1. Just need a number here: residues in the range 51-73 that are surrounded by fewer than 13 Cβ atoms within 10 Å (Cβ to Cβ) and polar (S, T, N, Q).
2. Tally up the residues in the range 66-117 that are touching a helix residue (DSSP H, G or I) at 6+ places or on another chain (Cβ under 6 Å), more than 30 Å from Thr150 (Cβ to Cβ) and among the charged types (D, E, K, R), please.
3. Only residues in the range 169-189 that are of a type in the set (Gly, Ala, Ser) count as the first member; pair them with residues that are surrounded by 14 or more Cβ atoms within 10 Å (Cβ to Cβ) and outside any helix (DSSP H, G or I), Cβ under 8 angstrom, at least 6 apart or cross-chain, and list the lot.
4. Condition first: of a type in the set (A, V, I, L, M, F, W, C) and part of a helix (DSSP H, G or I). Now tell me which residues in the range 90-100 satisfy that.
5. If I go through the range 129-159 residue by residue, how many of them are closer than 19 Å to Leu44 by Cβ, at pLDDT below 90 and hydroxyl-bearing (Ser, Thr, Tyr)?
6. How many residues are more than 18 Å from Val86 (Cβ to Cβ) and modelled with pLDDT of 90 or more when one looks only at the range 96-122?
7. Only one of these conditions is not met by Tyr126: (1) over 12 Å from the mean Cα position of the chain (by Cα); (2) farther than 27 Å from Leu40 by Cβ. Which number is it?
8. Could you check how many residues of the range 28-50 are open to solvent by less than 20 Å² (accessible area, probe 1.4 Å) and among the aromatic types (Phe, Trp, Tyr)?
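The values are calculated or read from the model by the stated rules, or taken from the named source; none is laboratory data. Since this is a predicted model, take the numbers as computed values, not measurements. Backbone-built Cβ (ideal geometry, glycine too); neighbour counts: all protein chains shown. Heads up: the accessible areas ignore ligands, DNA and RNA and are worked out on the full protein's heavy atoms, side chains in. Shrake-Rupley method; radii C 1.70, N 1.55, O 1.52, S 1.80 Å.
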Amino acid sequence: MSDEPRPILEHLAELRRRLFWVIGAWAAASLAASFWPKELFEILMAPAIDAVRASGHTLIAVAPSELFMTYLKTILLTGFVVAMPVTLWQLWAFVAPGLYENERRLALPFVLATSLLFMVGCAFSYFFALPVMFRYFVSLEADYVQTSWTTQEVFSTVSTMYLAFGVSFEVPIVLVALALAGVVTPQWLAANRKYAILVAFIVGAILTPSPDATSMMLLALPLCLLYELSVWISRALVRKTSQELLPVETRES
């Protein structure tokens, strides 16, 4: 075999090793979560359960295997969230060999910031967005229709919202990475702030089924603040990186 395909094979072997650690961490976290499926479901679905209980109803299961599949999905979702720091670290370790030394120093801040922002997004959804959303859904009940939500549909809605908010709160990570890569500049981000605010309110209106302005602002304002945070952080990091790349004589002058 010629030497030419060896780098590709080495990359594939490295990717396989990193995937092994990711899947292993997910499996281990899911195994630990499997001891408390009911408790975890009640905790994760609390915004919907509380809204249903307040209306005098309960969730229902309409298929023999529905509860089992819902608990299984709850276990896998919990394992995914718990294993996320390991997943992000393995992702960084895979791409690190192609980065400069000053970029590799961002590994720990990247993993911590990404994990923290994802958890903050999920917490924001849990404590603010989901209660507003489900209270609105319950308010639609009338004397000619009774609310009967299945465990499967509630889990699908709530888990989707968790993931959507968790990913949305990664805006600073994405924008700062683009600024450090030179794709955008902090000045460009600041100049296009008005468009970012417009997009944030559009996203808030789409993700919030309640028609009132308060619930929409609950989603849009954090996104606007995260965008502004991205501008400041990217400006500071780009300036620091530019200074590190200057010759020593230039920095001392």
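1. Here the count works out to 2.
2. The qualifying residues number 1.
3. Ala179/Thr185
4. First pass over the range 90-100, keeping only residues of a type in the set (A, V, I, L, M, F, W, C): 91-96, 99.
Once the filter is applied, which keeps residues that are of a type in the set (A, V, I, L, M, F, W, C) and part of a helix (DSSP H, G or I), the range 90-100 yields Leu91, Trp92, Ala93, Phe94, Val95, Ala96.
5. Matching residues across the range 129-159 total 1.
6. 2
7. Tyr126 satisfies all of (1) over 12 Å from the mean Cα position of the chain (by Cα); (2) farther than 27 Å from Leu40 by Cβ except (2).
8. Counting residues in the range 28-50 that are open to solvent by less than 20 Å² (accessible area, probe 1.4 Å) and among the aromatic types (Phe, Trp, Tyr) gives 1.
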